[in-house]
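Chemist: The structure's right below; bear with me while I get my questions together.
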Amino acid sequence: MTGLTEARPVAPGSTLALVAPSGVFSRQSFERGTARLGARYRLRFDEGIFARQGYLAGDDARRIEELRKALADPEVDAILCARGGYGATRLLDALSVDEVQGAAKRIVGFSDITALHALWARAGVPSLHASMVASLAKASDLHFERFVRALEGERPAPLEELVPLHAGVARGRLVGGNLAVLSALLGTPYAPPWDDTVLFLEDVGERPYRVDRMLTSLRQAGVFARVRGVLLGAFTEAAPGEDGVSVEDVLGERLSDLGIPVASGAAAGHIDDNLELPFGHEVELDTARDTLTWL
């Protein structure tokens with residue numbers, strides 16, 4: 001991983017570019033989200049963000065142009081994604097590490113935005129794994145206030161009461177995101193840098209056997225031999241099949257024998273109160289204390 005570049009600061013009155021690099025979204029939710037954000041920041045987007053092409057928020061060219069414009073705009077301080085879904089991996093061929101590094105702007109989102117978090121990690125620019133514009137519409141006041149503090153660079157409180165799956169202490173930069181997206185990046189030039197990191201994983205709507213398959217792919221690709229520790233977030237809508245095997249069973253069986261610290265229980269992912277995780281920053285995962293601390 002390249003050295004970490006300090007991201008542009010965000011403060012009240014900063015300009016935020018809103019982009020839709022992945023799927024379509026509810027315009028009503030988006031407008032409610034922008035109403036909350038607009039009370040504190042200047043927002044920049046155009047009608048193209050509402051484009052639809054099947055399951056995508058417009059064709060690849062539109063979505064690439066929108067993101068590159070946000071990176072290049074000297075008045076934009078950070079980039080917030082409208083929603084995840086699917087589509088961000090289709091943009092990676094057209095984006096470069098150099099333009100992300102030169103812009104030094106945080107990108108904010110989760111789920112399918114994991115593909116862009118991987119690009120930001122390769123560029124050495126911090127990013128924020130957090131709720132997106134459409135989901136901020138229904139965030140509680142406490143959630144929204146916490147989101148604002150994270151966006152403006154406040155160091156988060158330690159994560160506590162994690163559940164250890166394998167004991168130890170690990171230090172490294174936090175990277176990762178959605179397991180399905182990360183497994184899809186294996187074998188491509190677009191996977192995040194794995195070495196000397198603490199890897200965060202979460203997912204939604206994946207049956208236990210599919211989680212098993214994706215974790216097995218990461219194992220066989222040597223990912224877990226390169227990371228220093230693993231932090232697990234929410235794995236939701238993952239009901240067992242008739243065999244009765246739960247996703248918790250799979251996570252324990254596939255990750256507890258890696259010989260590195262592994263802990264579950266981070267309240268981040270596809271849940272209502274999605275905790276903000278600043279990616280790219282140094283953390284310490286300590287299973288004796290059941291904590292993850294930003295250093």
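Chemist: Restricting attention to the stretch 194-224, which residues are touching a helix residue (DSSP H, G or I) at 6+ places or on another chain (Cβ under 6 Å), closer than 10 Å to Leu179 by Cα and either acidic (Asp, Glu) or exposed (fewer than 15 other Cβ atoms within 10 Å of the Cβ) (or both)?
Modeler: Asp203
Chemist: So Gly168 passes all but one of these: (1) modelled with pLDDT under 95; (2) among the small types (Gly, Ala, Ser); (3) within 13 Å of Gly229 (Cβ to Cβ). Which condition number does it fail?
Modeler: Evaluating Gly168 over (1) modelled with pLDDT under 95; (2) among the small types (Gly, Ala, Ser); (3) within 13 Å of Gly229 (Cβ to Cβ) leaves (1) as the failure.
Okay, residues lined up against (1) of a type in the set (Gly, Ala, Ser); (2) in the same structural domain as Gly259 (by TED's automatic domain parsing); (3) surrounded by fewer than 24 Cβ atoms within 10 Å (Cβ to Cβ); (4) not in a loop (DSSP other than H, G, I, E, B):
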position	(1), (2), (3), (4)
Glu65	no, no, yes, yes
Val76	no, no, yes, no
Leu80	no, no, no, yes
Leu92	no, no, yes, yes
Gly102	yes, no, yes, yes
Ala118	yes, no, no, yes
Phe147	no, no, yes, yes
Gly172	yes, yes, yes, yes
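Chemist: Among the residues in the stretch 24-41, are any in contact with a strand residue (DSSP E or B) (Cβ under 8 Å, 6 or more places away or on another chain), part of a helix (DSSP H, G or I) and among the polar types (S, T, N, Q)?
Modeler: Looking for residues that are in contact with a strand residue (DSSP E or B) (Cβ under 8 Å, 6 or more places away or on another chain), part of a helix (DSSP H, G or I) and among the polar types (S, T, N, Q), one finds at least one in the stretch 24-41, hence yes.
Chemist: If Ser183 meets every condition in (1) over 26 Å from Phe50 (Cα atoms); (2) in contact with a Leu (Cβ under 8 Å, 6 or more places away or on another chain); (3) in a helix (DSSP H, G or I); (4) in contact (Cβ under 8 Å) with a residue 40 or more places away in the chain apart from one, which number is that one?
Modeler: So Ser183 meets the others, but not (4).
Chemist: Contact list please: Cβ distance under 6 Å, first residue in the stretch 225-246 and under 20 Å from Phe279 (Cβ atoms), second residue surrounded by 12 or more Cβ atoms within 10 Å (Cβ to Cβ) and aromatic (Phe, Trp, Tyr), pairs at least six apart or on different chains.
Modeler: Arg226/Trp194; Val227/Trp194; Leu231/Phe200
Chemist: Taking into account only those residues within the stretch 1-23 that are among the aliphatic types (A, V, I, L, M) and not in a loop (DSSP other than H, G, I, E, B), which is surrounded by the most Cβ atoms within 10 Å (Cβ to Cβ)?
Modeler: Ranking the candidates gives Val19 first.
Chemist: Give me the pairs, please: first residue somewhere in the stretch 267-287 and part of a loop (DSSP other than H, G, I, E, B), second residue anywhere and β-branched (Val, Ile, Thr) and surrounded by 23 or more Cβ atoms within 10 Å (Cβ to Cβ), beta-carbon distance under 8 Å, and either six or more positions apart or on two chains.
Modeler: From the stretch 267-287, the pairs are Gly280/Val125; Gly280/Val175; Thr287/Val262.
The values are calculated or read from the model by the stated rules, or taken from the named source; none is laboratory data. What you see is a predicted model, and the numbers here were worked out from it, not measured in a lab. No Cβ is skipped: glycine too gets one built from the backbone with ideal geometry, and neighbour counts run over all protein chains shown.
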